[in-house]
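Read-outs: derived from the displayed coordinates by stated rules, not from any lab. This one's a predicted model, so the numbers in the text were calculated from it and none came from an experiment. Cβ coordinates were reconstructed from backbone atoms using ideal geometry, including for glycine residues, and neighbour counts include every protein chain displayed.
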Amino acid sequence: MVLLMTSLFVLLFAGFGSDMTNLFFRRGSAQGAADAACVATAMDLFVNQTQGAGMGGFSLGTSFDCAQKASAAPCKYAALNGYSSPGLTAGVDSNDVSVTFPGSINGVTTPATNVAGFYPFIQVTVTDRVKLYFAGLLSGSKTQDVHAIAKCGLQTASSPVPMIILNPTQQDTFDVGGTPNVTIVGGPPKSIEINSSNTAAVNIQGSASVDLTQGGPSFNGSSLGVFGGPSSAPGGFQTANTGSWQAPSAPVQDPFKNIAAPTDTGVAGTSSSAAYGVNGCPDHNGCTEYTAGDYSGGLLIQNATAIFDPGVYFIKGGTLDFHSNSTVRPSTLTGDGSMGVMFYLTCATPGSCGSSGDASVYISANSGGGPSTCPANGIAPGSIDCFATSVAPCPGGPLPTGYNLPTYVTGNVLLGPCTNNSAYQAPPTPVGTLRGMLFFSDRSAPPSAGEEFMAGGGGLLLVGTEYFRECAAWPTCTPPPVSSKGGGKGTTLDYQTVFHLTGGSGSGTRLIGFIVTDELLLRGTSGITMDINPFPTSSVLKVALLQ
């Protein structure tokens with residue numbers, strides 16, 4: 001009797017242990033499937049929020065069960081992990097996957113609606129009905145349900161990318177040609193992000209090069225990320241150490257999406273004459289001095305030297321045109337107290353441009369004259385004095401480091417306002433140590449063949465953020481169809497502004513700051529150097545598995 005009872009106990013223990021072990025491993029498998037499905041769904045949400053693309057076979061905010069939506073993205077990922085979700089059947093092995101959109105998650109900060117949308121969180125529940133053998137003798141049930149829950153969604157993180165190309169679909173949205181050496185110096189570990197899902201989103205032609213060997217916080221190499229491709233770095237791409245070509249790389253949301261446009265006071269800008277040395281006039285023959293305000297139909301600077309008082313310049317239609325034989329510089333007056341200028345490229349009714357479109361900017365290759373070399377003191381008798389780069393930073397902001405910025409430069413020089421966030425701050429907000437938006441396009445403008453052209457034939461130094469967007473129903477932007485470069489121009493689609501930045505045969509183009517634009521085209525016969533150190537932290541979205 002003892003032997004019989006002992007044998008029976010051992011048999012039941014072994015059988016029960018076998019069932020529990022099976023349930024344990026099935027629980028782990030179900031959790032893996034729930035995690036995969038949840039992150040896949042969150043990635044769809046992320047791409048929808050950053051790119052304006054649709055969801056993967058489901059409606060955002062509407063809960064669903066994979067037994068009815070097998071083609072939805074989370075259901076496909078669950079199926080790839082062994083849970084096809086045919087639905088639960090009594091008494092037999094079966095499984096089910098359901099997706100919900102909780103309004104909050106305990107212990108997790110809910111991001112702002114204007115950053116992550118109305119539904120930043122996803123919950124995926126996998127229910128695995130497992131058949132029991134020996135354990136069923138005790139429970140009286142032939143099966144046991146195993147549950148696995150994953151919660152994930154969107155969070156904000158401080159991860160700045162200094163150059164962001166936002167067009168989500170088209171070819172050659174980052175296009176480098178001619179013979180320039182495009183060099184990026186300093187900044188964060190990733191210098192460039194191209195959001196286009198097109199497999200030919202990046203084009204580096206001929207002998208052109210993109211040099212990131214001096215990028216990153218240690219000036220020893222940074223990365224380029226592209227959501228589409230090519231999957232491997234084309235010829236002409238250079239980096240070093242931990243820097244790399246990253247494809248695919250998750251797109252980055254417009255960091256200035258929620259920055260409000262400046263308010264138009266309706267006051268017209270004025271111009272007057274300034275003698276050499278007055279208010280910073282560098283031209284021995286005198287300058288034209290401009291004040292901030294409205295400029296309807298554009299603003300043309302030609303055969304003259306212009307200085308700009310600090311403030312916001314509303315260019316209402318037409319072109320901000322720095323044409324042949326012109327030189328532009330900052331004035332030394334107080335103006336609005338921002339210590340820099342911002343050109344807001346808009347229309348007659350800022351924020352509601354409608355069919356009229358917004359203004360564009362054109363800096364000619366024949367602009368930015370002056371001496372071919374700068375004297376030791378920067379003063380060129382009978383000509384246009386050179387610009388002392390020591391005043392390029394805001395007060396308290398360090399000079400750019402990592403490359404040899406000359407003590408003096410020739411040609412055109414424009415300085416953005418001093419801010420705390422490299423964007424726009426309406427006065428009387430106290431000034432900060434970071435140059436803000438130098439060019440800011442009216443985002444309400446309808447799609448057009450928007451072209452912003454800047455050449456550095458005689459030297460061009462831009463200190464601040466270049467922000468060129470196109471979205472008729474801001475902030476809801478319509479992605480162009482997947483097509484060749486510019487395929488959506490002239491249609492009802494957005495993301496069509498092209499920023500041309502060109503180095504000439506002179507001292508070239510230097511940009512100290514950031515570029516956020518729909519498409520970027522780099523050309524020239526000389527160098528384009530972008531210094532992005534120091535850089536601010538800005539909030540961007542990321543996908544996170546939360547619980």
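A compact table of results
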quantity: Relative contact order, percent, the chain [alpha-carbon distance under 8 Å, six or more residues apart]; calculated: 14
quantity: All-pairs Cα distance distribution in segment 338-414, expressed in whole percent, bin size 5 Å; calculated: 3, 12, 15, 15, 16, 14, 10, 7, 6, 2, 0
quantity: Spin-label model distance (nm) - GLN302 vs THR179, 7 Å beyond Cα toward Cβ; calculated: 3.1
quantity: Cα-based convex hull, segment 211-257, per residue volume (Å³, whole number); calculated: 89
quantity: Theoretical gain in end-to-end length, THR334 to ALA200 [0.36 nm per residue, Cα-Cα removed]; calculated: 43.5 nm
quantity: Helix axis angle, 2-51 relative to the chain longest principal axis, alpha carbon, degrees; calculated: 20
quantity: Principal axis box of segment 269-539, alpha-carbon based, largest edge first, Å; calculated: 54, 38, 37
quantity: Given charges at Cβ of Lys, Arg, Asp, Glu: segment 22-176 dipole, positive-most of ASN48, SER59, ALA34; calculated: ALA34
quantity: FRET efficiency estimate (nearest 0.05) - Cβ-Cβ, ARG27 to ASN106, R0 25 angstrom; calculated: 0.70
quantity: Whole-Å semi-axes of segment 184-284's equivalent ellipsoid (Cα gyration tensor); calculated: 39, 21, 15
quantity: Residue-span extension gain [SER271 to SER71] - 0.36 nm each, minus C-alpha spacing; calculated: 65.7 nm
quantity: Two-site FRET efficiency, HIS147 against THR6, from Cβ-Cβ distance with R₀ of 56 Å, rounded to 0.05; calculated: 0.95
quantity: Likely footprinting exposure, MET20, MET163, MET5, MET530, fewest C-beta neighbours within 10 Å first; calculated: MET5, MET20, MET163, MET530
quantity: Given charges at Cβ of Lys, Arg, Asp, Glu: segment 269-539 dipole, positive-most of ALA274, CYS477, SER338; calculated: CYS477
quantity: Inter-label distance for GLN246 and ALA79, nm, one decimal - labels placed 7 Å from Cα along Cα-to-Cβ; calculated: 3.2
quantity: Fewest-first ranking of SER218, SER273, using other Cβ atoms within 10 Å as the exposure measure; calculated: SER273, SER218
quantity: Diffusion coefficient, µm² s⁻¹, Stokes-Einstein with Kirkwood Rh over alpha-carbon pairs of the chain at 20 °C and 1.002 mPa s; calculated: 83
quantity: Count, lysine Cα pairs under 19 Å in the chain, 8 or more residues apart or across chains; calculated: 5
quantity: Estimated inter-spin distance, MET55 and ALA157, nm [label 7 Å along Cα→Cβ]; calculated: 2.4
quantity: Ranked list, fewest to most other Cβ atoms within 10 Å of each Cβ, for ILE105, ILE194; calculated: ILE105, ILE194
quantity: Dipole magnitude of the chain, debye to nearest 20 (Cβ charges: Lys/Arg +1, Asp/Glu -1, about Cα centre); calculated: 1220
